[in-house]
Each structure stands twice: as structure tokens, then as C-alpha cells.
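Notes follow the structure.
The values are calculated or read from the model by the stated rules, or taken from the named source; none is laboratory data. Source: prediction; values computed, not measured. In this analysis, Cβ positions are derived from the backbone assuming ideal geometry, glycine residues included, and neighbour counts consider all displayed protein chains. When the accessible area is computed, the model is the full protein with side chains, heavy atoms only, and any ligands, DNA or RNA have been set aside. Shrake-Rupley method; radii C 1.70, N 1.55, O 1.52, S 1.80 Å.
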Amino acid sequence: MIIKSLDPRVSRAQIDGDAAFEHPLQEMDQFETFEVFAQKKRGTHHEHVGSLHAPNPEMALLFAKEQYGRRGVCVNMWVARTADIFATDYDDEDIFATVPEKQYREAGVYKVVDRITKYKEEQAKQA
Amino acid sequence: MSEQLHIKEFLYKMADDLLILGHRNSEWTGFGPLLEEDIAFSSMAQDKIGQSLALYTILNQMGEQDPDTIAFMRNANQFHCSHLVEQPNGEYDFSLVRHFLYDHADYLRFEALTNTNFPPLGKVARKFKGEVKYHVFHGDTFLMKLGTGNEESHTRMQNSLNNTFNLALGIFEPSPYEDQLVADGVFIGEKALKERWLEAISPVIQKAGLTLPAESTWQPVYGGRKGQHTEYLQPLLDEMTEVFRIDPGAEW
């Protein structure tokens, strides 16, 4: 049945609504996926912002710009094939279990040293 | 101060090209060949409409009517757009080739205008140059991928290029004020722009494995800048302005 719509573009296109579902997409009909990383400011790190389908890295960048860079500030983008990302297994999530308890390993002390150094410099300047 | 008719005519044709092509390209929204491209092409269509608004705003500051009235209340014979932009979308290869040919010209026009003697236009040109650079990048990428894709994609792109080229040459229809625009340092002139455009598109067309139609076949399609249009423009305007005309005074 031809799809009728209030949108004149849809009616003009004479789309056969039944035919549209006769050939569902097969696995290889889809392009592969890419992961997108965006950088907000030079010098900061890129952050993962999402993924998309594309036939190759060049077009993935092209699509990434509009899909993930058109709103908000962005100065640079990376894309990588999803297949090229190595990841831990959720079954091994317990390898991270004790991480929040290791305050003794945190380098908090360095912040104090920074403050002491700054204080010394200020004193030296005043002297 | 003079009426600056030469600048007004120049702004009208630029803005009308952008508005009409922006509308045409937006007709693909929801119909794109894949989701990602649908988003990209629609977003670029919105960019074009935003650029036309900036130019209509300058016209408004020069004493013309407000941008909404200019955009929505004129008939086809009051529009200065080229025949290229008013053509119906047809198939995607045509829309891509039109986008490639038009956006190269648009980019080079904005680039030349970054040095204009008319400050409001220089400001707009500097603002949008980056945006249009992406449009060119998008057009080039698609042309090269599909031009060198498979036999069907190559044939489609070549046919569209052949069918679109004379329409694209119509972008450079000289204005009655051409000499004045150049003398006043407002713009480099359509002839110079066309030369730059040919220099820019030729290597990309070659890389795409496509052939530029032979110069002996070039017959620029003129008339649009003078308000003479194809049968396709008025129905586009009727559709584009349908909601606005229901209540022109409505606050949005």
C-alpha cells in the first residue's frame, strides 16, 4: 500500500509501505561501526562520545563531525574501528573491586608539596 | 549615501540561492541513504538557511523588509536564485553533485568576501567560511568515493555531472552591477569567481575518476538572477511558505 502522509514529501515519494519490509537488512548490508572521540580544547584529552556506522574511516570522520560535533565546542575528532578497540570482559569486573579503597596509594601528598613550593616562592618574592 | 543597489542585488542572489538550496536539501530529511548521512545532509541544509538569514538581516539593515517577510512573502519572479538550486531533488546522485558544484562556489565566494570593502558582509563571510569548508569536504568525499565506487555509482555520478554542469555555470550569471561591485572592492566579480571555481573542482573531479563536460558543450543557464525561473520554484515556495502564510503575524 502506498504510504499517505500529511508530509507532502512522503506522499510525493509514492513509497510502497509493504515492499519496504520485504527485504530486511542482512548482517553484511550494514556498514561496520566506528567509535568517536571528541576533544573540547587543545591539550585536553579526547573523550569517547559515541559510535556510528560508516564504510571507511574517512567517511566516519565526515559523519562524526555532524553527529557528535555539531552541538557544543569541539576542536578535534578521532575515529577508530570498533573492532580495533580492546576491552576487558564484564565477567572480570571484579578485578577492579578494591580500587576505591586504595587511598594510601593516591598521590595526594604531591598537592601539598605544590602548595609548599608556591608558599616558599611567594615568601622569596616578598623578601 | 547611495541606495547601494549593486550590493543589495548581490546579497539577494546569494541569500536566495542559500535559502532555496537549503530548503531543497532539507527535503531529504528522513529519506537519506543512511542515518548518519541523513543527519549530515540535514544539518548542512540548516546551515544554508542560517547563512541566508544572516544575509537577509544585512538587507534589512540596509532598509529592506524583515528577513521573514523577504523569505516567505515573495513570489517566484521576485527571487534571484539560480536555476541550479530550484531543481527538484530527483535521485541522491543529483543532489550530491549539485551540492559539490554549488558548495565549492559558495566557499570561494565567502573566501573572496573575507576581503570585501563592505564590512557587514566581510563579518558574515568570516563567520561562515569554516562551516562551508565542511560542506566542501563532504561533497568532495562523496564525489570521490562514488566516482570510484562501482560501475553503477560511477555512471550515476558522471551522468549527474553532465546534466548539472550547465545549470551550475548559471551560478555565475553576471549582475547588471558587476563593474561597480568590482570597482568598489565589494567583490571580485562572477567571472573571476568562476575561474577560481573551475580550478578548485577540476582536480577533485579528476581524482573521482570523472570527466568534466567538454568546454564546447558549456551553455550556462541564465535568467534566475533576473527573476526568470523554472516551473519548479513556485511550487517549492508554496510548500515552504504554507504555514507562514496561514498567519504571517504569528509570534514563533
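See the values below:
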{"read-out": "Dipole-positive endmost among A:F86, A:L62, A:A124 within chain A (Cβ charges, Cα centre)", "value": "A:A124"}
{"read-out": "Three-way shape call for chain B based on the alpha-carbon gyration tensor, with the a/c threshold at 1.5", "value": "oblate"}
{"read-out": "Cleavage-rule hits, GluC sites (Glu not before Pro), the stretch B:1-108, DSSP coil, Cβ neighbours within 10 Å at most 11", "value": "B:E3, B:E91"}
{"read-out": "Debye, to nearest 20: dipole size of the stretch B:105-208, +1 on Lys, Arg Cβ, -1 on Asp, Glu Cβ", "value": "380 debye"}
{"read-out": "For B:Q4, residues with placed amide H under 5 Å, excluding near neighbours", "value": "none"}
{"read-out": "Share of carbon and sulfur in the accessible heavy-atom surface of the stretch B:150-252 [1.4 Å probe, %]", "value": "51 percent"}
{"read-out": "Radius 15 Å from Cβ of B:N150, net charge of other residues (Lys, Arg +1; Asp, Glu -1)", "value": "-1"}
{"read-out": "Interface area, A with B, accessible, probe 1.4 Å, both sides summed, Å² nearest 100", "value": "1700 Å²"}
{"read-out": "Shape call, the stretch A:55-127: gyration tensor on alpha carbons, a/c limit 1.5", "value": "oblate"}
{"read-out": "Restraint check, A:K4/B:K145; B:K127/B:K194; A:K65/B:K207; B:K13/B:K133; B:K145/B:K194; B:K8/B:K145, Cα-Cα greater than 32 Å", "value": "A:K4/B:K145; B:K8/B:K145"}
{"read-out": "Angstrom value of the Kirkwood radius, inverse mean 1/r, which spans all Cα pairs in the protein assembly as shown", "value": "24.1 Å"}
{"read-out": "Note, ³J(HN,Hα) from phi for the stretch B:230-247, Karplus 6.51, -1.76, 1.60, rounded to Hz, x at Gly and Pro", "value": "7, 5, 8, 6, 4, x, 4, 5, 4, 6, 5, 9, 3, 5, 4, 6, 4, 8"}
{"read-out": "Where the Cα pairs of the stretch A:1-117 fall when distances are cut into 5 Å bins, in %", "value": "2, 8, 11, 9, 10, 12, 14, 11, 8, 5, 2, 2, 2, 2, 1, 0"}
{"read-out": "Surrounding net charge for B:S42, when Lys and Arg each add one and Asp and Glu each subtract one, Cβ distance under 13 Å", "value": "-2"}
{"read-out": "Within chain A, helix-based [θ] at 222 nm, where runs of 4 or more DSSP H residues each add -39,500 (n - 2.57), nearest 500", "value": "-9000 deg cm²/dmol"}
{"read-out": "In the stretch B:177-210, the GluC sites (Glu not before Pro) that fall in loop regions by DSSP, at most 12 other Cβ within 10 Å", "value": "none"}
{"read-out": "Reachable lysines, given that their alpha-carbon falls under 18 Å from the alpha-carbon of A:K102 and they are not under 8 places away in the same chain", "value": "A:K111"}
{"read-out": "Potential lengthening between B:E91 and B:E239 on full extension [0.36 nm per residue; Cα-Cα distance subtracted]", "value": "51.3 nm"}
{"read-out": "Partner aspartates and glutamates for B:K123 [C-alpha distance under 18 Å; skip if fewer than 8 residues away on the same chain]", "value": "B:D47, B:D106, B:E111, B:E131, B:D184"}
{"read-out": "Net charge, A:I3 excluded, C-beta distance under 14 Å - Lys, Arg +1, Asp, Glu -1", "value": "0"}
{"read-out": "Within the protein assembly as shown: Cβ-based charge dipole about Cα centre, in debye rounded to nearest 20 (Lys, Arg +1; Asp, Glu -1)", "value": "1780 debye"}
{"read-out": "Exercise: per-residue mean of other protein chain Cβ atoms within 10 Å, A:65-73", "value": "4"}
